[in-house]
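Everything below concerns the one structure shown next.
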Amino acid sequence: MKFYFNLSFDDFTNCYTIVNDDPSVMEAIIVDPGVITPQMIETIERDKYKVTAVLITHNHTSHVKGLSTLMKIYSPRIYAADYEVAGKQVTVLQGDGEINTAGLKVQYFSVPGHTSDSMVFKIGNALFTGDTITSGIIGETASSYSKNLLKSKIQEKIFSQTDETVIMPGHGPPTTVASEKQFNLDVKP
């Protein structure tokens, strides 16, 4: 398994390509296609990966605006907690669970607070968190209720992971569960 990082300079959002490079599989997953770059397409085509899934952490334009481009080239299944993303029909995920795609186990967790449809995806030892948690901060919320809900869900579903688990956020640099437990003042009681 390999991870590729792509940054959209338009709004500084992160997009990730996860590939299963097992010769018998050669499939890819895209997380939060805020931008689809020629380099992403080149990597997928050069190495002959089949794009089988798109995972959406939440339905904000900056995280899904590249989806239309992606869907013109490939025919992946879209997974999200919102039934319609960027005008596309999706496979709706509710609560917590697991799917298998690209020959990989993908766990998903509902973590509302930033948005009602916020999801976190775990692949291997990495959590793709969208705007739920970023290095040193949590996602913006619309009310004190939403902020407390988000903090509670981060404690319950993200901080329960091993300390070595890598957090791949929707914005900014990667971090770890251990770092966020120690330094993220937004989540401290």
Percent of accessible area on the chain owned by carbon and sulfur, 1.4 Å probe? 51 percent
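Just the number, please: percent antiparallel of the DSSP beta bridges in segment 1-111, rounded to the nearest 5.
Numbers: 19 of 29 bridges.
Counting DSSP beta bridges with both partners in segment 1-111, the antiparallel share is about 65 percent.
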When segment 31-93 is reduced to its Cα atoms, the Kirkwood hydrodynamic radius in Å: 11.8 Å
Of 39, 107, 161, the one that fluctuates the most in a GNM where the chain has Cα springs shorter than 10 Å: 39
Distances over 21 Å make up what percent of all Cα-Cα pairs in the chain? 46 percent
Looking only at the chain, where both bridge partners belong to it, what percent of the DSSP beta bridges are antiparallel (to the nearest 5)? 70 percent
Take the alpha carbon gyration tensor of segment 55-140, find the square roots of its eigenvalues, order them as a ≥ b ≥ c, and report rounded if a/c is under 1.5; if not, report prolate when a/b exceeds b/c, else oblate. oblate
Number of Lys-Lys pairs in segment 1-155 under 19 Å by Cα, sequence gap 8 or more or different chains? 12
Could you give the accessible area per residue of the chain, probe 1.4 Å, as a whole number in Å²? 46 Å²
What are the ³J(HN,Hα) couplings of segment 95-106, residue after residue, when phi is run through the Karplus curve with 6.51, -1.76, 1.60 and θ = phi - 60°? Round to Hz, x for glycine and proline. x, 10, x, 8, 10, 10, 8, 6, x, 10, 7, 10
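The values are calculated or read from the model by the stated rules, or taken from the named source; none is laboratory data. Bear in mind that the values here come from a model prediction, so they are computed numbers and not experimental data. Keep in mind that these areas ignore ligands, DNA and RNA; they rest on the heavy atoms of the full protein, side chains included. Shrake-Rupley method; radii C 1.70, N 1.55, O 1.52, S 1.80 Å.
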